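K.L.:
Right, I'll just put the structure down here and ask away after.
Every read-out reported here was derived from the displayed coordinates using simple, explicitly stated rules and does not represent laboratory data. None of these values were measured; they are calculated from a predicted model. Positions of Cβ are backbone-derived with ideal geometry, glycine not excepted, and every protein chain shown enters the neighbour counts.
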Amino acid sequence: MKFILKPKPPYDFTLHPKFFGFHKPVPEVYENGVWKRALRLESGKVVPLRVRMLGSVDEPRLEANVLNEVDRKERSEIKSKLSWIFSTESDLKELYAFMDRDPVLRSVKHRLYGLRPFNYSTVFEGVVKSIVQQQISLIVSMYMTSRLVERFGDAVKVEKNYFFEFPSPSALANATTNELKACGLSRQKATYIKNFSEKVAKGEFNPEALSNCSSEEIVAALTRFKGIGRWTAELVIVTSTGKEALPADDLGARRAISKFFLGGKLISGDELRKFSEKWRKFKGMVTYYLICAERLD
């Protein structure tokens, strides 16, 4: 079954994977213009699908190809999930009007016209991935995430291809620390992920409810867990909840802003928080654009 999503223009489906895509399942894979993964529905059913862009940046359309039979309710749920993942309803007009006031940001906007962040499917996925990313490069974290996905995630085979869904809370809760370490994680990270997953699997904490909270409420809720500090919580906010936040201690963010505005002199997280105040509610998106622009060079 196929259906069409119509993102608000401008929209360039190819840009985010250019900077954050990976050749192994994390669980999504972007290859030759096609994004693919499996999605777990509320019923527990895991559905494989492919998505590609049709049309143009100013008249965008996304074609979703669902590779299992689904009913009308499931189709509606898949459509809603994909709209969330691909940020199809967000509007760049206000952001672009703000960026046009600054010559540096205006230039970045032109170079990355239509760029949208892709969101993680669930907040749980965002928390686990953010823990994995602590104190290591993005590429290294993707290798580790891929091992977690392939070992503990759900896999659906369609002809000769596998489509993966991110591991469920129960799958990671039931894994041993040594099994998680075998995916490349340190003992500490393995313990943090296992303990968090146990709380979620037992129903003692619902990370998906965080999407209804303010950014500060999300930070407060997540930092109660051992192994989750402010940087990790802020990364969860920007990748998994649609709320505004800036992970100011992130090296990539500090490096990008230093390059474009401070002649390459690396600033601290506290200095970045102060510097970004002038971007007000746009500071998260502006930083995202600058991080991507820094990777173009």
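K.L.:
Test of understanding: in a Gaussian network model of the chain with alpha carbons linked when under 10 Å, which of K259, K79, K274 would top the mean-square fluctuation ranking?
P.N.:
K274
K.L.:
Provide the net charge surrounding Y96, with neighbours chosen by a C-beta distance below 11 Å and charges set as Lys +1, Arg +1, Asp -1, Glu -1.
P.N.:
Charge balance near Y96 sits at +1.
K.L.:
Taking Cα atoms of segment 2-88, Rg/Rh with Kirkwood Rh, to two decimals? Numbers along the way, then the final one.
P.N.:
Working: Rg = 12.7 Å, Rh = 13.4 Å.
The Rg/Rh ratio comes out at 0.95.
K.L.:
Something else now. Dipole magnitude of segment 2-88 about its Cα centre, charges +1 at Lys/Arg Cβ and -1 at Asp/Glu Cβ only, in debye to the nearest 20?
P.N.:
Details: 17 positive and 11 negative charges, 29 e Å.
Approximately 140 debye in magnitude.
K.L.:
Kindly state, as a whole number, the per residue volume in cubic angstrom of the convex hull around the alpha carbon atoms of segment 55-121.
P.N.:
Details: hull volume 7.2 nm³, N = 67.
Taking only Cα atoms, segment 55-121 has a hull volume of 107 Å³ per residue.
K.L.:
Let me ask something else about it. Under unit Cβ charges (Lys, Arg +1; Asp, Glu -1), what dipole magnitude, rounded to 20 debye, does the chain have relative to its Cα centre?
P.N.:
Around 380 debye, computed over the chain.
K.L.:
May I ask you to derive the relative contact order of the chain, considering only C-alpha pairs under 8 Å and at least 6 residues apart, and to give it as an integer percent? Provide the component values of the computation, followed by the final result.
P.N.:
Working: 460 pairs, mean separation 50.1, N = 297.
With pairs under 8 Å counted, the relative contact order is 17 percent.
K.L.:
Could the peptides 34-44, 166-176, 238-248 be put in order, highest first, of the mean number of other beta-carbon atoms found within 10 Å of their residues?
P.N.:
On the way: 34-44: 17.4, 166-176: 19.4, 238-248: 20.9.
The densest-packed peptide leads the list: 238-248, 166-176, 34-44.
K.L.:
First select every other residue whose beta carbon is under 12 angstrom from the beta carbon of A182; then total the charges, Lys and Arg +1, Asp and Glu -1. Mind showing how you got there, number by number?
P.N.:
Numbers: positive: R147, R151, K181, R187; negative: E150, E179.
Local charge sum for A182: +2.
K.L.:
Please work out the C-alpha center-to-center distance from segment 200-235 to segment 8-32 and express it in whole Å.
P.N.:
With segment 200-235 and segment 8-32 each reduced to a Cα centre, they are spaced 26 Å.
K.L.:
Work out, step by step, the length gained on full extension between F261 and F3: first 0.36 nm times the residue separation, then minus their alpha carbon distance; give nm to one decimal.
P.N.:
Length gained between F261 and F3: 88.6 nm.
K.L.:
Quick one: Kirkwood hydrodynamic radius for segment 123-240, alpha-carbon pairs, angstrom, one decimal?
P.N.:
Kirkwood radius, segment 123-240: 14.5 Å.
K.L.:
So which lysines pass the test for K199, namely a Cα distance under 28 Å, with those fewer than 8 places away in the same chain ruled out?
P.N.:
List returned: K45, K81, K129, K181, K189, K226, K243.
K.L.:
Taking θ as phi - 60°, what are the ³J(HN,Hα) couplings along segment 91-100 by the Karplus curve (6.51, -1.76, 1.60), each to the nearest whole Hz, with x for Gly and Pro?
P.N.:
10, 8, 4, 5, 4, 5, 5, 5, 5, 5
K.L.:
Run the numbers for V140 and E94: contour at 0.36 nm per residue of separation, minus the present Cα-Cα distance, in nm. Display every interim value, and only then the final one.
P.N.:
Details: separation 46, 0.36 × 46 = 16.56 nm, distance 3.50 nm.
Length gained, V140 through E94: 13.1 nm.
K.L.:
Give me the net charge of Y289's neighbourhood, meaning all other residues with Cβ under 12 Å from the Cβ of Y289; Lys, Arg count +1, Asp, Glu -1.
P.N.:
Every neighbour counted, the sum reads +4.
K.L.:
Okay, next question. Just name one of L262, A221, S121: the one whose Cα is farthest towards the positive end of the charge dipole of the chain (beta-carbon charges, Lys/Arg +1, Asp/Glu -1).
P.N.:
L262
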